[in-house]
Structures are given as structure tokens and as C-alpha cells.
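Please read the structure below before turning to the comments.
The values are calculated or read from the model by the stated rules, or taken from the named source; none is laboratory data. Model, not experiment: these values are computed from the prediction. Positions of Cβ are generated from backbone atoms using ideal geometry, with glycine treated the same way; all protein chains shown enter the neighbour counts.
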Amino acid sequence: IKAKALADLAAAADMPALDAVRVRVLGKKGELTAVLKQMGKLSAEERPVMGQMANAVRAKLEEALEKRRAALDAAALEAKLEAEAVDVTIPGKPVEMGHQHPMNRVLQEVKEIFIGMGYQIVDGPEIEEAAYNFTKLNIEEGHPSRDRSDTFYFDDDDSVLLRTQTSPMQIRVMEQQKPPIRMLAPGRVFRKDEADATHSPMFHQIEGLVVDEGITMGDLKGALETLIKRLYGEDAVVRFRPHHFPFTEPSCEVDMQCFKCHGTGETDGQVCSTCHGEGWIELLGAGMVHPKVLEGCGIDPKKYSGFAFGIGLERMAMGRLRINDLRLIFDNDVRFLSQF
Ligand code: PHE
């Protein structure tokens, strides 16, 4: 039994084989166990001799079993380590990295420029009351911008709407804070506009407002020129053009020379598709806060004055990044986005 068992143990190639030998020899119904069970049949003289021998064999086999088990364990571990080994010299697969959306990048640049000038960034509702979007901004009943063909209203009474501009944030801030005020309010706005190269029914504006003693049009021009030169470089061509807004007086619009047709309005004998042949792209509206608006917010227009501006973020990004169609900004085509 001993010789055969030892040979089988040594030959066992894996754990199940080893265990089979153990059960066959040392198990409850095993060969050696059977021998021990028959001890009762032996004479009193034979019993201790046989007993000792059987126990010695058992001890020997158990020792051999343990050794073989340890050897198989070690071999298994070795094989596992080898199989799972990592070859650190194999070149890695490149991971596709995302990055900031180009429009957000420009927003971040604009924010940083104004934060540097002491402005606080504020946030407000996209679903707005007509009172804030129009009335408190001195936009009277019947004004064309209130028209149902321009504005997304929620109810028949035209009291709640998707804000058409970020200017209601001027009111919200002035109702809550006393001068000096320096705020920047970026956000989404909505208008019933047909989508084309420079229009979208949803776009972004960045509202700015400064109210303090002795604020003048010069301060407005300085702030906007700082912005434009930082974004577009010292030699950017922009123009300030008189305009009208009900909530600012005087008012102006700022245009940037079209970067596609360089102000000529034509590309290859065709009307320029980026500026519609205008030669200029409107970037923002601005002006001195109307005294009526200040007064409505409980700010004394005799003591304080202020300026406000509303930047079209997509238009600004188009100029900054040389994108000639605004729709590209919203399409989210990775082939386009990955260029920035
Ligand atoms: N809210 C105006 C617009 O959407 C822009 C503007 C903002 C004009 C602030 C003056 C002052 O066209």
C-alpha cells in the first residue's frame, strides 16, 4: 500500500488527482483505514506491532501528501503569476481625452477678464416673469420685442416666458444689492429666430452691470475695449454704433469687422454668408442704465449712475475661434469640437 500510494502521490499532476489518492488510501473507506479497522481481529501480540506499522505508514503518507500539496500550490501560483504578468514595455493604447467645449472656453476667458476687474458672477432663472424681462426694464406694453412671434410665452396672459435676454438679471441684482455693483451674468436666452449662420432660437448672453457714483460712458467704453483687445488682440477692428434700448440711455451696439470677408461683405463674388454681406458682426448691445430703471430698483439716479452691456457669447466665440457658422457650436460633432 505504502509504495503504491507514495508513487501515486508523487505522480498526481493537480489537486483533484492528489485528493483522489488521499481518499483512496486514507479516506474513511480507504485502503489503509481498512487495515486499521481489521486490527481487532489480530492477536494481542500482533496488534501493537501492526498498529505501530500502520501508524508509521499513515504518518509517512500524510507527510508525502503535504509535500506534494505544497509543491502543487507553488506550481499553481507560479503559473498564475506568469499568466498574469504585465509586460510594461508594450506601448499603451492612447486614451481619448475630452476637453472643454470651445464656447465654454471663450466664456471662461470672458469671465476671467471681468473677474480681474472686480466683477462678481451671478446666475438667474431662464424661466422669467415678463415683469423682469420687460416691464422693469422700461419695455412698455406693445413693444415689438414682447410680440408672441418673437418670444416663447408659457401662458395666454403672457406673464411667464423663456427669457429673451439676460438683462432681467440687472433688475434682480439691483433689487437685492446697493451700489457699488459690479456683476456679470452669463446664461441661456431664447427667441423665436430661424436658425442660420448667425442666429439660433437658443443662444447665450453675458450681461454686465456696473452701478456706482460717477460712472460714465467712458467707463463703459474702457471696460468693453479691455474685453475686446484681450480677446481679439490689440489690432482687432471694432466699431461703436449709436443704437436704442429702452433700458439704457444713451445706447450703442458694438460690431466686430467680419473676419471672413474682412468687412467687404463679399467672398468670391458672393454675399458673405457669415455676416450676410454686412461686413460687420454685431457682438453686443450696451449703454448707460436708464434713470427710470435705477429708480424702479430703489437706487437714486441723482446719486448713482451705471452702465450695462449684453454680449452675444456665440458671436463672440465665432470671432475668437474663427468659426464661420454658429450652428457648428451646437451640433456637437466631435470632428468639429476636436479642432479646438
Ligand atoms: N439685452 C440687450 C439685447 O439682448 C442687450 C443689452 C444689454 C443692451 C444691456 C444694453 C444693455 O439685445
Within segment 269-319, can you find the residues that are more than 16 Å from the ligand (Cβ to nearest atom), surrounded by fewer than 21 Cβ atoms within 10 Å (Cβ to Cβ) and either under 25 Å from the mean Cα position of the chain (by Cα) or closer than 17 Å to residue 240 by Cβ (or both)? 278, 279
Could you please let me know if residue 317 is among the small types (Gly, Ala, Ser), part of a helix (DSSP H, G or I) and under 17 Å from residue 187 (Cα atoms)? yes
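May I ask you to verify whether residue 69 is more than 30 Å from residue 333 (Cα to Cα), within 60 Å of the chain's Cα centre (by Cα), of a type in the set (Lys, Arg) and not in a loop (DSSP other than H, G, I, E, B)?
yes
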Would it be correct to say that residue 140 is surrounded by fewer than 13 Cβ atoms within 10 Å (Cβ to Cβ), in a loop (DSSP other than H, G, I, E, B) and on the phi < 0 side of the Ramachandran plot? yes
Just for segment 255-266: of the residues that are more than 27 Å from residue 167 (Cβ to Cβ) and either at pLDDT below 90 or touching a Ser or Thr at 6+ places or on another chain (Cβ under 8 Å) (or both), which one is farthest from the ligand (Cβ to nearest atom)? 262
Within segment 186-198, considering residues that are surrounded by 15 or more Cβ atoms within 10 Å (Cβ to Cβ) and part of a strand (DSSP E or B), the one farthest from the chain's Cα centre (by Cα): 190
Select from segment 225-254 the residues that are in contact with a Cys (Cβ under 9 Å, 6 or more places away or on another chain) and away from the ligand (no atom under 11 Å from the Cβ) and write down the one among them that is nearest to residue 288 (Cα to Cα). 242
Only one of 183, 169, 217 is surrounded by 21 or more Cβ atoms within 10 Å (Cβ to Cβ), closer than 19 Å to residue 117 by Cβ, away from the ligand (no atom under 11 Å from the Cβ) and not aromatic (Phe, Trp, Tyr), namely 183
